[in-house]
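Q: Sending over a structure as structure tokens; questions will come in a sec.
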Amino acid sequence: MAAAPLLEIDDLRLAYATERGTVRAVDGVGLTLRRNEAVVILGESGCGKSSLAKALLRTLPRNAYAPEGRVRLDGAEVLGLPEERFRRQVRWVRIALVMQAAMNALNPVVRVGEQVAEPLRIHRGCSRRQAAARAAEAFAEVGIPGDFLQRYPHELSGGMRQRAVLAMALVTEPDIVVLDEPTSALDVLTQAAIMNVLKRIKRDRGVSFVLITHDVATSSEIADRVALMYAGQVVEEASAEAFFTAPAHPYSQMLMASVPRLHQPEPPQPIPGRPPSLLEPPAGCRFAERCPQRFDRCSEPPPALPLGERHRVRCWLHATGGGRP
Ligand SMILES: Nc1ncnc2c1ncn2[C@@H]1O[C@H](COP(=O)(O)OP(=O)(O)OP(=O)(O)O)[C@@H](O)[C@H]1O
């Protein structure tokens with residue numbers, strides 16, 4: 001029997017209580033990740049990418065309902081673990097999170113070296129000295145000069161702060177690092193440098209990454225796999241090669257056609273319309289209203305249909321005998 005995937009997310013749901021009603025930010029998401037793989041969660045703003053990360057790591061705001069569904073790490077269910085065990089055994093220890101704009105969340109009055117060492121003292125029980133030595137190694141690994149350990153966050157550039165946050169996530173040697181828009185606040189050259197650091201760490205350390213972004217160019221840099229989200233659901237999950245060369249879902253195809261490229265004869269084609277509200281999403285396919293290929297069956301909700309090995313598409317066009325008449 002094949003080994004269980006490192007991470008298996010199945011039918012994950014997360015909703016928020018708001019004055020206007022229940023926002024179903026993550027609505028039946030499924031995803032698998034193997035060791036040393038990078039999966040990119042791609043999708044436009046508001047489709048539920050950050051909520052997925054928060055549900056996974058239980059870093060939820062107060063108005064969130066408890067997430068539902070299944071999350072397995074090496075085959076063991078972790079979503080139902082009591083908070084104390086989750087904190088001791090999973091968060092930071094097995095899965096670390098680099099939140100959106102994390103580089104601005106560093107404590108301004110504590111030296112960065114101490115901040116990077118802190119997870120080791122809390123989660124791995126290291127002495128101050130061991131933790132400091134390991135923090136220095138982590139700094140070298142992400143390309144920060146050693147003497148920066150003594151500096152305060154405001155003495156570092158944005159790119160260096162982002163590297164420090166990455167070092168903090170890696171220092172406990174987690175199996176998985178979840179990165180929410182890790183480069184979106186940085187200039188293009190710094191973005192490229194950070195992506196190179198991630199690629200090297202993946203190669204050298206065998207870490208798995210879940211990288212959240214709205215940027216197709218960033219995603220293609222590192223992805224082994226892509227999960228494209230739309231209105232709270234994964235509409236296509238595929239290998240990066242299949243996704244970038246022959247996307248199967250109409251939304252994936254339109255998204256790829258909307259990206260400006262060098263040497264492209266056709267101008268980029270923006271996708272008309274807007275995603276539906278997550279307060280009352282449509283009963284059928286959520287993309288139908290914007291889809292040029294919609295047909296009668298799209299008024300029913302499509303399941304995630306298998307299209308090949310580890311390739312799934314939430315679209316009736318790919319149903320056996322269920323496609324367009
Ligand atoms: N604390 C909250 N309370 C209520 N609604 C929320 C909350 N956080 C997020 N949402 C809503 O949940 C939906 C998904 O948001 P989420 O931030 O997960 O999307 P995203 O794809 O990460 O977008 P972005 O890239 O803009 O952060 C959106 O409709 C958003 O308005």
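The values are calculated or read from the model by the stated rules, or taken from the named source; none is laboratory data. These numbers were taken from a predicted model, which means no experiment stands behind them. Positions of Cβ are generated from backbone atoms using ideal geometry, with glycine treated the same way; all protein chains shown enter the neighbour counts. We work out accessible area using only protein heavy atoms, side chains counted, and drop any ligands, DNA or RNA first. Shrake-Rupley method; radii C 1.70, N 1.55, O 1.52, S 1.80 Å.
Q: Give the Rg (one decimal place) followed by the Dmax (whole number) of region 186-249, computed from C-alpha coordinates and expressed in Å.
A: Taking only Cα atoms of region 186-249, I get Rg and Dmax of 12.8, 36 Å.
Q: How many angstrom lie between the C-alpha centres of region 213-262 and region 1-63?
A: The distance from the Cα centre of region 213-262 to that of region 1-63 comes to 17 Å.
Q: Also: For region 39-48, take each phi angle, set θ = phi - 60°, evaluate the Karplus expression 6.51 cos²θ - 1.76 cosθ + 1.60, and give the result in whole Hz per residue in order, putting x for glycine and proline.
A: With the stated coefficients, region 39-48 comes to 9, 9, 9, 10, x, 6, 3, x, 7, x Hz.
Q: Another one. Rolling a 1.4 Å sphere over the protein heavy atoms, what is the accessible area per residue of the chain, to the nearest Å²?
A: Counting only protein heavy atoms, the per-residue value for the chain is 48 Å².
Q: Under the 0.36 nm per residue contour assumption, what length would be gained going from the current alpha-carbon distance of Ser184 and Glu309 to full extension?
A: 41.8 nm
Q: Given a 10 angstrom Cα cut-off, can you work out which residue in Asn63, Asn196, Asn36 is the most mobile in a GNM of the chain?
A: It is Asn63.
Q: May I ask for the Rg/Rh ratio of the chain, computed from Cα atoms with Rh as the Kirkwood radius, given to two decimals?
A: 0.98
Q: Which residue, Thr213, Thr22, Thr32, has the most motion in a Gaussian network model of the chain that connects Cα atoms within less than 10 Å?
A: Result for the chain, Cα springs under 10 Å: Thr22 fluctuates most.
Q: Related question: Which residues' amide hydrogens lie under 5 Å from the amide hydrogen of Gly28, considering only partners 5 or more residues apart or on another chain, with H built in the peptide plane?
A: Leu12, Arg13, Leu14
Q: Return an integer: the convex hull volume of the alpha-carbon atoms of region 36-122, in Å³ per residue.
A: So the per-residue hull volume is 153 Å³.
Q: Given Cβ point charges of +1 (Lys, Arg) and -1 (Asp, Glu) and nothing else, what value in debye, to the nearest 20, does the dipole of the chain about its Cα centre take?
A: Here the chain has a charge dipole of around 600 debye.
Q: Tell me, how many Å apart are the Cα centres for region 272-325 and for region 76-138?
A: 40 Å
Q: With no other cysteine's Cβ closer than 4.7 Å, which Cys residues of the chain count as lacking a disulfide-compatible partner?
A: Lacking a cysteine Cβ partner under 4.7 Å: Cys47, Cys126, Cys291, Cys315.
Q: Moving to a separate point now. Output the relative contact order of the chain, whole-number percent, from Cα pairs under 8 angstrom with separation of 6+ residues.
A: Relative contact order, the chain: 20 percent.
Q: If you don't mind, another one. Per residue of region 150-155, in order, report the coupling 6.51 cos²θ - 1.76 cosθ + 1.60 (Karplus, θ = phi - 60°) as ³J(HN,Hα) in whole Hz, putting x for Gly and Pro.
A: Values per residue, Gly and Pro as x: 8, 8, 8, x, 5, 8 Hz.
Q: In Å, what Rg and Dmax follow from the Cα atoms of region 71-230?
A: Spelled out, the Cα radius of gyration and Dmax of region 71-230 are 15.6, 47 Å.
Q: Another question, if that's okay. Show me, for region 250-266, the HN-Hα J-couplings you get by feeding each phi into the Karplus relation (A = 6.51, B = -1.76, C = 1.60, θ = phi - 60°), rounded to Hz, glycine and proline as x.
A: x, 5, 4, 4, 5, 5, 5, 6, 8, 8, x, 9, 5, 6, 9, x, 7
Q: What residues have an amide H closer than 5 Å to that of Leu79, excluding those fewer than 5 places away on the same chain, when H is modeled at 1.01 Å from N in the peptide plane?
A: When sequence neighbours closer than 5 places are left aside, the close amide H contacts are Val71.
Q: Considering the Cα trace of region 160-271, what is its radius of gyration and what is Dmax, both in angstroms?
A: Just the Cα atoms of region 160-271 yield Rg and Dmax of 15.2, 47 Å.
Q: Taking the chain as a Gaussian network, where each spring joins two C-alpha atoms under 10 Å apart, which residue of Asp180, Asp11, Asp147 fluctuates the most?
A: Checking each option, the largest mean-square fluctuation is seen for Asp147.
Q: Let me ask something else about it. I want to check the label-to-label distance for Arg87 and Phe295. Put each point 7 Å from Cα in the C-beta direction and report it in nm to one decimal.
A: Each label point is offset 7 Å from its Cα along the Cβ direction, giving 5.4 nm.
Q: Right, something else. Might you work out the accessible area of Phe148 for me, using a 1.4 Å probe with all protein chains in place, and round it to the nearest 10 Å²?
A: 30 Å²
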